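The values are calculated or read from the model by the stated rules, or taken from the named source; none is laboratory data. This one's a predicted model, so the numbers in the text were calculated from it and none came from an experiment. Cβ atoms come from the backbone with ideal geometry, glycine included; neighbour counts cover every protein chain shown.
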Amino acid sequence: MDSQFRIGGLTLKNNILSAPLSGISDLVFREITTAYGAGLTYTGMISVSGLARQNRKTLHYLDLGKDCPVAVQLFGKNPEEFAKATDFLAEHSGFACIDINMGCPVRKVVSSGSGAALMRNLDLAKEIIELTVAKSPVPVTVKFRLGWDSQSLNFVELGKIAEQAGAAAVTLHARTRQQSYTGAADWTKIKELKQALKIPVIGNGDIKTRADIAAMLRQTGCDAVMVARASIGNPWIFAPTEVRPSLRQRIEVYLAHTRRLLQYRPANERQAIAEMRKFAARYISSFSGAAELRREINTIDDYAGLEKLLKPQLSTNYAHLLI
């Protein structure tokens, strides 16, 4: 099912990609998804305004992992800021490609004219893509939705604009901005876009299992699949074959994820442990007693306490993990 995938001059080991997830896709998350098989990972959305000003907090999002192909996802509305941000990225080698977000449905983002709001201003969208492509030393891709709402489905038009402006590939989240993350993704529209373009099309939306990945590739003819929320606490979805992780595996990887985060942010153990609670809802689930175990996790603020709580759930052989 998985196969080598090319985006412009970039060759990836496979065509199953780990989506940009704001608040999730940090260096550690990207390392884990890569270790389990993701062909490409993405940063969360990074503001071109902050990057153009070289804001310290914004620069933190650009940390790269070892042997971890990373695409930088940019959002904004000002073409000149996209150009400045791309110039800055060009001076920092190591990024696999640049992705332009034109699909984020969050009110704070669209109210500023960014994200999915750009689907309502295709002339501006074109200018942004053209400038970014002209400045970028790596392939540029564009991620967007079906349209603003069901009455304005302009994804094919934007796809053609992106292709003509020099984008190396596009990603279609098969919902409208109005749908946000509700309702069903319409995979038939991914097929429609694939048939309309010559550049690669990456499908996104309603991927929950390896079987869904295979189904999307088969039904739409898309070139690659992007896995989003289903990958949180479930790196096994990137494995070459379907994996049903045991309780032990879930807990082991949760602890390994936590240890790696502590290595990455050694100065603030309490903050790192608190941050891992959002992953517990996914890793520590689907078994009897999971809810109670998560409640206990939420009361712990150091790794020693977390390990003391979770180790009894493991077998006596505490295996060393990939990471």
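Quick check on this structure: which one of 93, 136 is of a type outside the set (Asp, Glu), at pLDDT below 95, under 21 Å from residue 44 (Cα atoms) and more than 18 Å from the chain's Cα centre (by Cα)?
Numbers: 136 fails: at pLDDT below 95.
Residue meeting the stated conditions: 93.
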Inspect region 14-36 for any residue being surrounded by fewer than 19 Cβ atoms within 10 Å (Cβ to Cβ), free of Cβ contacts under 8 Å to residues at least 40 places away in the same chain and more than 15 Å from the chain's Cα centre (by Cα) and give the result as yes or no.
-> yes
Hey, residue 219 polar (S, T, N, Q) and not assigned by TED's automatic domain parsing to the domain that holds residue 41 or not = no
Scan region 124-147 for residues that are crowded, with 20+ Cβ neighbours inside 10 Å and assigned to a loop (DSSP other than H, G, I, E, B) and jot them down.
-> 136, 138, 139, 146, 147
Identity of the residue in region 231-264, under 19 Å from the mean Cα position of the chain (by Cα) and hydrophobic (A, V, I, L, M, F, W, C), that ends up nearest to residue 28 (Cα to Cα) | 261
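Quick one: how many residues across region 21-56 are assigned to a loop (DSSP other than H, G, I, E, B) and closer than 18 Å to residue 216 by Cβ? Spell out the reasoning first.
So in region 21-56, the residues assigned to a loop (DSSP other than H, G, I, E, B) come out as 21-26, 36-39, 53-55.
Imposing the further condition that a residue be closer than 18 Å to residue 216 by Cβ reduces the set to 37-39.
Residues flagged as assigned to a loop (DSSP other than H, G, I, E, B) and closer than 18 Å to residue 216 by Cβ within region 21-56 amount to 3.
Determine if region 47-70 includes at least one residue that is of a type in the set (Phe, Trp, Tyr) and touching a residue at least 60 places away in the same chain (Cβ under 8 Å).
No, the conditions are met nowhere in region 47-70.
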Residue 86 β-branched (Val, Ile, Thr) and under 27 Å from residue 233 (Cβ atoms) | no
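Select from region 245-293 the residues that are basic (Lys, Arg) and closer than 12 Å to residue 310 by Cα and write down the one among them that is modelled with the highest pLDDT. Steps first, answer last, please.
Keep residues of region 245-293 that are basic (Lys, Arg), which gives 248, 250, 259-260, 265, 270, 277-278, 282.
From the residues that got through so far, the ones that are closer than 12 Å to residue 310 by Cα too are 248, 250.
Working: 248: 88, 250: 91.
Restricting to residues being basic (Lys, Arg) and closer than 12 Å to residue 310 by Cα, the top hit is 250.
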For region 67-75, indicate whether the set of residues that are modelled with pLDDT under 95, more than 25 Å from residue 221 (Cβ to Cβ) and of a type in the set (Asp, Glu) is non-empty.
-> yes
Within the bounds of region 74-90, is there any residue that is assigned by TED's automatic domain parsing to the domain that holds residue 224, outside any loop (DSSP other than H, G, I, E, B), within 30 Å of residue 255 (Cα to Cα) and not polar (S, T, N, Q)?
-> no
For region 259-318, enumerate the residues that are assigned to a loop (DSSP other than H, G, I, E, B) and either among the aromatic types (Phe, Trp, Tyr) or in contact with a Gly (Cβ under 6 Å, 6 or more places away or on another chain) (or both).
-> 287, 318
Is there any pair linking a residue in region 238-253 that is in contact (Cβ under 8 Å) with a residue 24 or more places away in the chain and under 17 Å from residue 210 (Cα atoms) to one that is hydrophobic (A, V, I, L, M, F, W, C) and part of a loop (DSSP other than H, G, I, E, B), with Cβ under 6 Å and at least six apart or on different chains, and which?
-> 238/38
Answer yes if at least one residue in region 298-306 is free of Cβ contacts under 8 Å to residues at least 24 places away in the same chain and within 29 Å of residue 3 (Cβ to Cβ), and no otherwise.
-> no
